[in-house]
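The values are calculated or read from the model by the stated rules, or taken from the named source; none is laboratory data. As the structure is a computational prediction, the values presented were derived from the model and not from experiment. With ideal geometry, Cβ positions are generated from the backbone for all residues, glycine too; neighbour counts draw on all protein chains shown.
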């Protein structure tokens with residue numbers, strides 16, 4: 001069903017098609033994470049290669065996601081929401097996008113993770129974000 005230039009995907013349905021990405025690190029990281037959560041192979045064209053997307057790719061790889069980077073495209077082998085869960089230390093460097101997206105995702109999926117970054121990342125304000133996730137059931141310590 002199409003509404004206002006968006007697609008509504010009902011539960012238990014598949015999304016099949018092509019989407020052209022604009023040059024955006026935020027959209028690129030969203031697509032990487034969604035592809036990793038999927039249950040199949042996703043071929044991504046026009047992925048913006050930035051410091052943030054490299055950090056997200058490294059983090060997803062630590063979570064057990066196979067990612068193949070080619071010159072023309074990137075292939076993500078989705079893990080069907082089944083990431084590695086035990087005692088993982090993930091360095092998000094200075095990528096606030098990666099920190100926010102993974103904090104939310106991993107708090108829902110469960111597991112034992114330590115997300116950290118460079119000293120500057122530790123100064124960034126994420127307390128309200130973490131508190132919001134805790135209020136809806138996220139177990140964050």
Across the stretch 80-93, the tally of residues that are closer than 21 Å to residue 53 by Cβ, more than 15 Å from the chain's Cα centre (by Cα) and either surrounded by fewer than 16 Cβ atoms within 10 Å (Cβ to Cβ) or without any contact (Cβ under 8 Å) to a residue 12 or more places away in the chain (or both) stands at 1
A careful count of residues in the stretch 65-74 that are over 14 Å from the mean Cα position of the chain (by Cα) and either free of Cβ contacts under 8 Å to residues at least 24 places away in the same chain or closer than 13 Å to residue 37 by Cα (or both) gives 4
> Quick one: is residue 21 closer than 21 Å to residue 91 by Cβ and either surrounded by 14 or more Cβ atoms within 10 Å (Cβ to Cβ) or modelled with pLDDT of 95 or more (or both)?
Replying inline: no
Among the residues of the stretch 36-49, is any in contact with a helix residue (DSSP H, G or I) (Cβ under 7 Å, 6 or more places away or on another chain), crowded, with 19+ Cβ neighbours inside 10 Å, in a helix (DSSP H, G or I) and modelled with pLDDT of 95 or more?
yes
Of the residues in the stretch 50-69, those that are in a loop (DSSP other than H, G, I, E, B) and modelled with pLDDT of 95 or more number 3
- Task: Report yes if residue 103 is part of a strand (DSSP E or B), in contact with a strand residue (DSSP E or B) (Cβ under 8 Å, 6 or more places away or on another chain) and closer than 30 Å to residue 15 by Cα, otherwise no.
- Result: no
